[in-house]
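Everything on this sheet refers to the single structure shown next.
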Amino acid sequence: MGVIFFIAGVILTICSAFIFYKWGWISLAIFAPAALIPVVFNGYEGGLSLYTLPLIAGTAGGYCFRKSSGLDFFIPVTAVLFAVVFTADFYFLKEVKGYDIIETGKVEVVKLLEQSRTEMEKAFEEYKTPEENRKKLREDFNTSLQVIQDSKWVQFAKDMIPFSAFIYSLLVTSFSFLLMKKVFMKKQGAGVRALELFRLNDYFIFSLIAGWGIFLLLDKNQFPVITVTALNVALAASVLYIIQALGIIKFFIIKKGLPVIMLPLVILTLLVLGPSILVFSMILLIGIGTLDLWGDFRKLSPEIERNIKE
């Protein structure tokens, strides 16, 4: 189901961006009413992403291609707005309509796992699985079930709703941007800045500093709402600075005449090397991204941007 939502989100983002590019602000007459469907009508709970992406990502994407701005405009605007709207809708459904997406999802997952227990036992018999292996697999299965049902992890999932929505939107919009620039809107996207020219506004650094500062310094038990909000802000800002660092790396790869495929290969290598290497690399990238505020590693200017685009 997650893959279907992702594909649908990408398709809607590209189509709505193209509509906005052609019609401008008039297209909001179509997008805005559609975005209100999950709020006004019952039975559409949990499908908010499919209804708000045309409004948020389509408008931002179409504006981006109209004004020849870039990924550094499209991603922050889309991902942050989507996270805010999705979080507001989550609590609206939970507090006003009594529908909790996380609790409902937990119940469905537990139900599926319980149903799969019988199938697991049948597989043991069919493949003559040794008893010691069966015991280990049953223990792992029960542990997974307990983790899903644990109220602590359920609450953590609720606390991380804004960041989860941010990441989901980030994945959908990044992939959509790539397809728009390279395939569906190639001509219009010729002047649009890509990853290698990604640079956040200088004032954005305050969200990173404030987010981590509040989360680390305030008492989590005394100020739970403030610290959870700060953590979501800090994580989202950190991800954006990681993207900026990747843009810096891609910039120098292009400048040195090296194949751009090197960047995704390095990322895949880090993923394969394990969590510890990945976490260290992410911290390093955050450092590179934030230091660009003072170091201005790429020394971006209209002439340099033009040369990189060419």
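Coordinate-derived values only; no laboratory data. Quantities reported herein were computed from a predicted structural model and do not represent experimental measurements. Counting neighbours? That spans all protein chains shown, and the Cβs are built from the backbone with ideal geometry, glycine included.
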**Asked** Taking H as built 1.01 Å from N, whose amide H comes closer than 5 Å to the amide H of residue 193, not counting residues under 5 places away?
**Response** 70, 71
**Item:** Exposure proxy ranking, count of Cβ atoms within 10 Å, fewest first, for 292, 150, 100
**Value:** 150, 100, 292
**Asked** Against the longest principal axis of the chain, how steep is helix 71-95, in degrees 0 to 90 to the nearest 10, with axes from Cα atoms?
**Response** 30
**Item:** Tilt relative to the chain, helix 2-23 - C-alpha long axis, 0 to 90 degrees, to 10
**Value:** 30
**Prompt:** How about residue 128: which lysines have a C-alpha closer than 23 Å to its C-alpha, ignoring those fewer than 8 places off in the same chain?
**Reply:** 136
**Asked** What is the spread of the Cα atoms of the chain along each of their three principal axes, largest first, in whole Å?
**Response** 68, 49, 46
**Item:** Links that overshoot a 32 Å alpha carbon limit, given the list 94/182; 182/256; 97/152
**Value:** 94/182
**Prompt:** Cα axis of helix 262-273 to longest principal axis of the chain: angle in degrees, 0 to 90, nearest 10?
**Reply:** 20
